[in-house]
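Report on the structure given below.
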């Protein structure tokens, strides 16, 4: 990520937020909320990217900037999905919101335990508050997914 962000000449910080322990189910949404709050203690960031660690951008034209008018879904075309958008309302993988947008939609819901669901809920929140999701064209917003062991999805998602 560093070479790509450096080529884009962006002032940035990368925060890796991990859940401690293995006894409770994973809560990605809560981790992203913690990341938002903790990073703002370090610096007054105004653009936030919620980025799955297994996704690598393929095109430098996929700019890591936040449009002020709407949240942005970055990972439109992932190799695992044959570089096609899985469904129209998807907001997972890599997504960007301004601090103002994140606060307006009240962040991610902490109610999602296990893998999945929190990104679709965020998409619903965005639309509920009258915002639209923007995307780069499929030829630009391309990502490679690193191979790893898959986790079972949340049955309630």
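The values are calculated or read from the model by the stated rules, or taken from the named source; none is laboratory data. Keep in mind the model is a prediction, meaning the values are calculated, not measured. Glycine gets a Cβ as well: all are built from the backbone with ideal geometry, and neighbour counts include every protein chain shown.
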Before we move on, is residue 144 touching a helix residue (DSSP H, G or I) at 6+ places or on another chain (Cβ under 7 Å) and at pLDDT 90 or above?
yes
Which residues, taken from the stretch 123-133, are within 13 Å of the chain's Cα centre (by Cα) and either in contact (Cβ under 8 Å) with a residue 60 or more places away in the chain or in a loop (DSSP other than H, G, I, E, B) (or both)?
133
Kindly list the number of the only condition in (1) closer than 30 Å to residue 11 by Cβ; (2) touching a strand residue (DSSP E or B) at 6+ places or on another chain (Cβ under 9 Å); (3) at pLDDT below 95 that fails for residue 123.
(3)
Kindly indicate whether residue 39 is surrounded by 14 or more Cβ atoms within 10 Å (Cβ to Cβ), at pLDDT 95 or above and over 24 Å from residue 132 (Cα atoms).
yes
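Could you please give the count of residues in the stretch 64-95 that are in a loop (DSSP other than H, G, I, E, B) and free of Cβ contacts under 8 Å to residues at least 60 places away in the same chain?
15
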Quick check: anything in the stretch 83-93 within 13 Å of residue 141 (Cβ to Cβ), modelled with pLDDT of 95 or more and out of contact with any helix residue (DSSP H, G or I) (no Cβ under 9 Å at 6 or more places or on another chain)?
yes
Answer yes if at least one residue in the stretch 96-114 is exposed (fewer than 15 other Cβ atoms within 10 Å of the Cβ), at pLDDT 95 or above and assigned to a helix (DSSP H, G or I), and no otherwise.
yes
Considering only the stretch 1-35, how many residues are out of contact with any strand residue (DSSP E or B) (no Cβ under 7 Å at 6 or more places or on another chain), closer than 22 Å to residue 144 by Cβ and outside any loop (DSSP other than H, G, I, E, B)?
6
